[in-house]
1. So for segment 9-77, what are the equivalent ellipsoid semi-axes in whole Å, largest first, each being the square root of 5 times an eigenvalue of the Cα gyration tensor?
2. Taking a probe of 1.4 Å, how large is the accessible area per residue of the chain, in Å²?
3. In segment 14-115, which chymotrypsin sites (Phe, Trp or Tyr not before Pro) fall in coil by DSSP and have 10 or fewer other Cβ atoms within 10 Å?
4. Using a Cα-Cα cut-off of under 24 Å, which lysines could be cross-linked to K75, ignoring same-chain neighbours fewer than 8 residues away?
5. With the chain treated as a Gaussian network of Cα nodes joined by springs under 10 Å, which of A98, A23, A74 yields the largest mean-square fluctuation?
6. Report in % the part of the accessible area of the chain that belongs to carbon and sulfur, leaving out ligands and nucleic acids; probe 1.4 Å.
7. Beyond 24 Å, what percent of the Cα pairs of the chain remain?
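The values are calculated or read from the model by the stated rules, or taken from the named source; none is laboratory data. All values derive from a computational prediction rather than experimental measurement. All Cβ positions, even for glycine, are placed from backbone atoms using ideal geometry, and neighbour counts span all protein chains on display. Please note that ligands, DNA and RNA were not included when accessible areas were found on the heavy atoms of the full protein model with its side chains. Shrake-Rupley method; radii C 1.70, N 1.55, O 1.52, S 1.80 Å.
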Amino acid sequence: QVQLVESGGGLVQPGGSLTLSCAASGSSLSSSTMGWYRQAPGKQRELVATVTPDYITNYADSVKGRFTISRDNAKNTLYLQMNSLQPEDTAVYYCNAAFILMNYWGKGTLVTVSS
């Protein structure tokens, strides 16, 4: 059983930066596609970014050039560096690990962008 625990969320001013981390336990994630998703109040959960086992990345258009996803398989950890944050980035951010037969989610970490 894989457990994912996100951290690094908080309150930041517009234009600021945050780095989210997702620590995994229970199994190696090196063979999974990992990703960050977010859900804003009153909206559906949406893709932010993913990274494959081969380190191929994919980003939502809304975060391209501002966010960077990365993974450290040795530490079983996923990261999301977020720069130039805007109020519309406010959401609960969820970590995801997708294997062929199983899909795991963390409980989320809240990011609030406000002055």
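1. Working through the eigenvalues yields semi-axes of 22, 14, 13 Å.
2. 53
3. Those satisfying the criteria are Y55.
4. Qualifying lysines at Cα under 24 Å: K107.
5. Comparing A98, A23, A74 in a Gaussian network model of the chain, the most mobile one is A74.
6. Reported share for carbon and sulfur atoms: 50 percent.
7. 19
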